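Below: one structure, written as C-alpha cells.
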C-alpha cells in the first residue's frame, strides 16, 4: 500500500497549496494551512469570517510568506487564521 500527497486549491479561501493525501485506498484527507478547512471522515468548514480573513491574508502574502505559513502548519497543525487570532 502506498501513500500519496499533493497540493490543490482550497475550495473556500483559494489557497493554491491545500495539502491533500491518500493512503492508496479509499481514505482521503485534506487540510488548508491558511483557513483551516479540513476534510477526512467529516468535513470541517471554517466560519465565514475566517474564510474572508484568509482570503485577505492570501492577497497580501508573497510566496515566501505562504511557504512559511505552510511550514508552520506542518509543525504545529494550527492554520494561519487561528494563529493570527492569537497574536
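Each reported figure results from applying straightforward, stated rules to the coordinates on display, with no laboratory input. Note that the structure is predicted; figures quoted are calculated from it, not measured. All Cβ positions, even for glycine, are placed from backbone atoms using ideal geometry, and neighbour counts span all protein chains on display.
What order do you get for 83, 59 when you list them from fewest to most C-beta neighbours inside 10 Å?
Placing the least packed residue first, the sequence is 59, 83.
If you build the convex hull over the alpha carbons only and average its shadow over all orientations, what do you get for the stretch 4-76? Give it in nm² to one decimal.
For the stretch 4-76, averaging the hull's shadow over all directions gives 4.9 nm².
Could you tell me how many degrees, from 0 to 90 and to the nearest 10, lie between the Cα long axis of helix 48-60 and the main elongation axis, the longest principal axis, of the Cα atoms of the chain?
Relative to the chain, helix 48-60 is tipped by roughly 80 degrees.
What is the chain's relative contact order, in percent, from Cα pairs under 8 angstrom and six or more apart in sequence? Present the calculation step by step, with values, prior to reporting the outcome.
Working: 132 pairs, mean separation 19.9, N = 87.
Computed over the chain, the figure is 23 percent.
Nearest 10 degrees, 0 to 90: what angle lies between the long axis of helix 63-76 and the longest principal axis of the chain (Cα atoms)?
60 degrees
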